[in-house]
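Reading through the structure tokens given below for one structure.
The values are calculated or read from the model by the stated rules, or taken from the named source; none is laboratory data. These numbers come from a predicted model, not from an experiment. Cβ atoms come from the backbone with ideal geometry, glycine included; neighbour counts cover every protein chain shown. When the accessible area is computed, the model is the full protein with side chains, heavy atoms only, and any ligands, DNA or RNA have been set aside. Shrake-Rupley method; radii C 1.70, N 1.55, O 1.52, S 1.80 Å.
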Amino acid sequence: MKLDQLRAFIAVVETGSFRSAADSIHKTQPGISAAVKALEEQYGILLFDRNSYRPTLTAEGHAFFQQSKKLMSQVLQLENLGHDLAQGTEAPLHISLSQMALDDNCMSRIKAFQQQYPEIPLDITTDHLHGTQEKLTKNKCEIAISPRYGLDDRHAFIELNKITMIAVISPELLATLNANDTKIKQQSLYSIPQILVTNTAANASENGHQYVLPTGKRWYVNDFQVKKNMLIHGLGWARMPKHYIQAELDNNQLVPIEVENFTSLNQLPIFMIRLRHQTQSYQANLFWEMMKNISPLTGTFSSN
């Protein structure tokens, strides 16, 4: 199998004909036909049903096309990396950050790394729940920083710090509950939406959430900023990272609540994570070592 053969095959699928494929990648039509035929002969499959007016993918051809597109995308990335390296440009370090982990501790560590290595560009995405680990397993990042969701023997991880998760509600909405007891009964919250941030993993069962009431309304949003705004406006209740809402707690826009038989307050460890079998880049190794040794208070290396 050669890359030119894959390019010819992909071009036929995307343009709809051998003639159009030849025009699109500047090859002759016989050359396109020969490339596709060579692939079919190599694997003993038919990629196209040629009985119709236009070439139509067979079931095998469809599966082959999906993987061919992924491979060509990786080839393009590799080619771009080669050009960047030839020009002396550092390759970016891809990192997936949990939305829950974006506190001063995490940000100060990343800032210290960037000050120490300003030549290394960072490509940072934010995810939620199992989305960070999914980025790792799909090779879309080298390092993830998140709580311990879905970790197993495939992962190497180091605890960086802990965040506080706290259940909160607006004072106006709390007043409607007529809650006289120290703890709010779960039944009192069934008619009020529990606001949750959507799991960004594509293949997570049951949305990946651990701390939800078994009964009651649930609303889903894309990020914690939207979640906070909805809480402030009395549109529901939720567990929130305390660092996101400290100002709102201080000015009484949001108030803590304790729900009966529910984890209303807890400490959640935040880990730096990578795959054990994955070959780490020079940039990733620098980041890993510096992040685990930086003191977030001073922005300098710790002594241990």
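Scan the stretch 208-232 for residues that are open to solvent by 80 Å² or more (accessible area, probe 1.4 Å) and either in contact (Cβ under 8 Å) with a residue 60 or more places away in the chain or not in a loop (DSSP other than H, G, I, E, B) (or both) and jot them down. Write out each step before concluding.
Going through the stretch 208-232, the residues open to solvent by 80 Å² or more (accessible area, probe 1.4 Å) turn out to be 210, 214, 217-220, 222, 225.
Scanning the stretch 208-232 gives R218, W219, Y220, Q225.
Pairs only if they're at least six apart or on different chains, beta carbon under 7 angstrom, first in the stretch 280-300 and modelled with pLDDT under 85, second among the hydrophobic types (A, V, I, L, M, F, W, C) and open to solvent by 30 Å² or more (accessible area, probe 1.4 Å); list them, first residue then second.
K292/I158; N293/F301; I294/F301
Which condition number in (1) part of a helix (DSSP H, G or I); (2) in contact with a helix residue (DSSP H, G or I) (Cβ under 8 Å, 6 or more places away or on another chain) is the one that Q246 fails?
Q246 satisfies all of (1) part of a helix (DSSP H, G or I); (2) in contact with a helix residue (DSSP H, G or I) (Cβ under 8 Å, 6 or more places away or on another chain) except (2).
For the stretch 4-51, name all the residues that are in contact with a strand residue (DSSP E or B) (Cβ under 9 Å, 6 or more places away or on another chain), part of a loop (DSSP other than H, G, I, E, B) and over 20 Å from K70 (Cα atoms).
R50
Name the pairs: first residue in the stretch 1-22 and without any contact (Cβ under 8 Å) to a residue 12 or more places away in the chain and more than 17 Å from H62 (Cα to Cα), second residue open to solvent by 50 Å² or more (accessible area, probe 1.4 Å) and not aliphatic (A, V, I, L, M), Cβ to Cβ under 8 Å, at least 6 apart or on different chains?
Once the first residue is without any contact (Cβ under 8 Å) to a residue 12 or more places away in the chain and more than 17 Å from H62 (Cα to Cα) and sits in the stretch 1-22, its partners that are open to solvent by 50 Å² or more (accessible area, probe 1.4 Å) and not aliphatic (A, V, I, L, M) give R19/Q29; A22/T28; A22/Q29.
Test L235 against the criterion of being closer than 15 Å to V168 by Cβ, part of a loop (DSSP other than H, G, I, E, B) and at pLDDT 95 or above, and give yes or no.
Numbers: closer than 15 Å to V168 by Cβ: yes; part of a loop (DSSP other than H, G, I, E, B): yes; at pLDDT 95 or above: yes.
Spelling it out, L235 is indeed closer than 15 Å to V168 by Cβ, part of a loop (DSSP other than H, G, I, E, B) and at pLDDT 95 or above.
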